[in-house]
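Starting off with a structure, shown below.
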Amino acid sequence: MVIVSTNTRYANQPLINGKENKQIFFAQTLPVSFGRNTSGDRFTSCSYEVLDKNDKLFTPEVNQRLQRFIQDFKNNRLSKHLLFRELGTGYQGKVFLIPDLNITVKLSHTEKKKGIPVDLNCNFENESNILKQMPLKGTHNQKLVARLKIDDGLYALITTRVKGIPLDSMHITKQQLNSLLNEMFVLDKARIMHCDLRDNNIMTNDNQVGIIDFGSSFIFDQFVEPYNIKYGDDFYQHPAFWPPSNVRFFDFHTILPTYFERTKSDGKEKALGFFIDYLKLRSDYHSKRADLFYEEMSKGIDNNKLTTEQCKQLKESIKYERLQAKIFRNPSKKMAELEISKIFMDYLDHKSLCASFDGLQIKALAFKKQTLDAAKQFRDNINTLLLQEDLNNNEKMFLAFQKRFVDFYEYDVITPKYKEDFIKKFGNVLYDNEVLKNSIQLLYLQSSAEDSYLIQNQKVA
């Protein structure tokens, strides 16, 4: 058994600090679960599906070698001289790079790992189906090559290699941001929600950006109802005028922590300048989404697939996207600060939903209480802006849409059920008691450094 690094920070990176990554080895020294089952016998069966468009992903020579590799993998005949490099271990499996073929292989976990939560015997069916939706042209994102079932409990997902190093969001360039926004629009158009757009899942190669690791992703059917997208036994909630957006996840997973970190290191003015520059780039993303929804609506009308109500909802979505494109083209400081507070409110609601998925109901309730507090602050900020006499019509309409976000979070999703659940668990006195509320919040947020950091640094207008 080879002991190898599981540091994913340098995934796909051949050099570290100018030195060759030593975590490379050959097929004969791979962990035993890669080439044989636990009893040491050859695998008795292997079924697999290979993407029928691989000839468009690789040159004929590489494609032929790839087919031979899959057959050898299936028959347990991998060359002893085939070079591998371990990239890291995740929740669903261990990932290897095969430089000669420019592919990665993710192997499912077949046994529990001490101190690490894992998804045992993951068959990668969901991730495979999602990657099948990925366009083959016009994107640098990860693409499917094949999915294999090697033996009971052991599966492999083979994908294209996305060259580069993980994003360093504290030093992200405008070119990288622009490239990333284009890649996120590609996902939107393909109806793929990534859900985990953090630094380690965004690879940068100079100014070229590609997105990897779609293990937490899902596919949505349409840009109109249902807006509550099923994920496991729960739903992602969306206001009717706000169809699913990958930028949403990128904002609260990456942009929000980066903004707070820059505020701490560079001061609020420079951090706000970074965020305003980001919004200016985001303007084009919203313009393209508006055009996409208009095209979707036109097709739906021509094919009689949309109801009158659905057309009305898509018109609202188009209007909101175009307003964002106009406002963010040259945003004022006040509008930028308002957008930060909206992202923070959405982040808290998302964390509540994630805690609910994990069965951490008390933590979910604490986050919902935080969401309500952020929503109240957000509404106050909007009302303050509406008092300004120099607002133009676009700004007034934009603020009206922002108010609808507060309505959604305060009334449609959170307040009734939240208050009922909270009082049932803790009683009316605790619900209204600030000191006890803060104690509960700290108790159930202290397990997550990221959550605690964002909560403690929420100094938004």
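The values are calculated or read from the model by the stated rules, or taken from the named source; none is laboratory data. On a predicted model such as this, the values are computed, not experimentally measured, just so you know. Note that we place each Cβ from the backbone using ideal geometry, even for glycine, and neighbour counts take in every protein chain shown. Ligands, DNA and RNA are stripped out before the accessible areas are found, and what is left, the full protein with its side chains, is counted by its heavy atoms. Shrake-Rupley method; radii C 1.70, N 1.55, O 1.52, S 1.80 Å.
Can you give the accessible area of Met170, probe radius 1.4 Å, in Å² rounded to 10?
Probe radius 1.4 Å; accessible area of Met170 about 60 Å².
Report the GluC sites (Glu not before Pro) located in region 123-228 that are in a DSSP loop and have at most 14 other Cβ atoms inside 10 Å of their Cβ, or state none.
none
Run the quick spin-label model on Asn129 and Leu391: label points 7 Å from Cα toward the beta carbon, then report their separation in nm to one decimal.
Modelled inter-label distance: 4.4 nm.
Using the Karplus curve 6.51 cos²θ - 1.76 cosθ + 1.60 with θ = phi - 60°, what ³J(HN,Hα) values do you get for each residue of region 159-166, in whole Hz, with x for Gly and Pro?
Result, rounded to whole Hz: 9, 5, 7, 9, 6, x, 10, x.
Sticking with this one: Kindly write out, for region 134-149 in residue order, the coupling ³J(HN,Hα) from the Karplus curve 6.51 cos²θ - 1.76 cosθ + 1.60 (θ = phi - 60°), rounded to whole Hz, with x marking Gly and Pro.
Per-residue couplings from phi come out as 6, x, 7, 10, x, 8, 9, 5, 4, 10, 6, 10, 6, 10, 10, 9 Hz.
Which value, in Å² rounded to 10, gives the accessible area of Ile212 with a 1.4 Å probe and all protein chains present?
Only protein atoms counted, so the area is about 30 Å².
A follow-up question, please. Just the accessible area per residue of region 257-379, please: how many Å² with a 1.4 Å probe?
42
Can you list the HN-Hα couplings for region 188-194, worked out from phi with the Karplus curve (6.51, -1.76, 1.60; θ = phi - 60°), rounded to whole Hz and with x for Gly and Pro?
Here the 3J(HN,Hα) series is 4, 5, 7, 6, 10, 9, 6 Hz.
Report the FRET efficiency, 1/(1 + (r/R0)^6), for Lys376 and Asn102, where r is their Cβ-Cβ distance and R0 is 45 Å, rounded to 0.05.
Efficiency, rounded to the nearest 0.05: 0.30.
For the pair Val62 and Lys319, what calculated FRET efficiency results from E = 1/(1 + (r/R0)^6), where r is the Cβ-Cβ distance and R0 = 51 Å, to the nearest 0.05?
Efficiency, from the Cβ-Cβ distance: 0.60.
Assuming 0.36 nm per residue, please report the length gained on full extension of the stretch Asp302 to Lys403 beyond their Cα-Cα distance.
Stretched fully, the Asp302-Lys403 segment lengthens by 33.0 nm.
Let me ask another. Provide the FRET efficiency to the nearest 0.05 for the Lys280-Asp221 pair, computing r from the beta carbons and using R0 = 35 Å.
Plugging the Cβ-Cβ distance into 1/(1 + (r/R0)^6) gives 0.60.
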